[in-house]
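Reviewing the structure listed below.
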Amino acid sequence: MFIIQGYAFSQKTINTFRDRTIYLESENREIIKLNVKEILNGQMDLTQAILCPLTELKPYTKYYLKYSNQTEKESNEMRHWNSDKKEYEKVFWKTTNKKSWATLSSNLTLEFDKTEVIHYGCGPSAKAIFNIKNKSSSEVWYKTEVIDIKTNKQTTFYIKEWNNRLHVGHGMCAGAFTFHNKGNYKVRFTPSNIDGKSLKATKWFTFDSPFMVDKGQFGN
């Protein structure tokens, strides 16, 4: 499985995946259709699609993401800057000969560390931070469910670790989760590898809005 994430205006493209044929195209023009497993809407300018190939990919092959009725603007969204070549190029994935990932460690645990607000020029980042313990060598995705306890509104998004921690919230410009100035929240995580094999969901962790303990920290 893999994740395609849209930011700001490109969120519109992600949301159309429900009604379009999504596929991978190899360098040799071979087509692999994709199943859209989930489309998840974040709270601050992020939307993601979870995709899974319907047939096995070939080893050591480059694949490019395509969709039916793809516009020029959408094609440009799937380009990135190659700093070595000093030019833009199409985004691609290259397979290896590995067919599956190691099972996740059943001892994997998460512990609440702290909440944090950092003020930047264009706005604050606000996060609840969790430490990861006993992680296996596999790449881990964390299906993250956050509930506003007052309204019971739930938002779900997949996040990945950064420096062996999970940051639940948003950055200066975008993020999966937002918080009111005052309020209480709860969150739980379901770890999975990219084969889609999951551990059991964690317990619910409760925490106060990061803005309630804002110490006025400023970033560069």
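Within the range 105-125, is there a residue that is under 18 Å from Gln5 (Cα atoms), modelled with pLDDT under 95 and hydrophobic (A, V, I, L, M, F, W, C)? The answer is no; no qualifying residue exists. Whether a residue is touching a strand residue (DSSP E or B) at 6+ places or on another chain (Cβ under 6 Å) and surrounded by fewer than 15 Cβ atoms within 10 Å (Cβ to Cβ) was assessed, and Ala176 does not pass this test. Restricting the first member to the range 30-52 and to residues that are small (Gly, Ala, Ser), and the second to residues that are in a loop (DSSP other than H, G, I, E, B) and surrounded by 14 or more Cβ atoms within 10 Å (Cβ to Cβ), the beta-carbon pairs closer than 8 Å and six or more apart or on different chains are Gly42/Ala174; Gly42/Ala176; Gly42/Phe177. Residue pairs whose Cβ atoms lie under 8 Å apart, sitting 6 or more positions apart in sequence or on different chains, and linking a residue in the range 155-182 that is free of Cβ contacts under 8 Å to residues at least 24 places away in the same chain to a partner that is in a strand (DSSP E or B), are Ile159/Trp141; Ile159/Tyr142; Ile159/Thr144; Ile159/Leu166; Ile159/His167; Ile159/Val168; Lys160/Trp141; Lys160/Tyr142.
When Gln70 is tested against (1) of a type outside the set (Phe, Trp, Tyr); (2) under 22 Å from the mean Cα position of the chain (by Cα); (3) not assigned by TED's automatic domain parsing to the domain that holds Val146, exactly one condition is not met: (2). Given the criterion among the aromatic types (Phe, Trp, Tyr), more than 30 Å from Thr96 (Cβ to Cβ), in contact (Cβ under 8 Å) with a residue 12 or more places away in the chain and not assigned by TED's automatic domain parsing to the domain that holds Gly42, identify the matching residue among Tyr185, Tyr142. None of the other options fit; the residue is Tyr185. Within this structure, Val146 passes the test of being closer than 28 Å to Cys122 by Cβ and not small (Gly, Ala, Ser). If you go through the range 1-11 one residue at a time, do you hit one that is buried (at least 16 other Cβ atoms within 10 Å of the Cβ), among the aromatic types (Phe, Trp, Tyr) and under 27 Å from Lys197 (Cβ atoms)? No, the range 1-11 has no match at all.
The values are calculated or read from the model by the stated rules, or taken from the named source; none is laboratory data. The structure displayed is predicted, hence computed values, not measured ones. Virtual Cβ from ideal backbone geometry, glycine too; neighbours counted across all protein chains shown.
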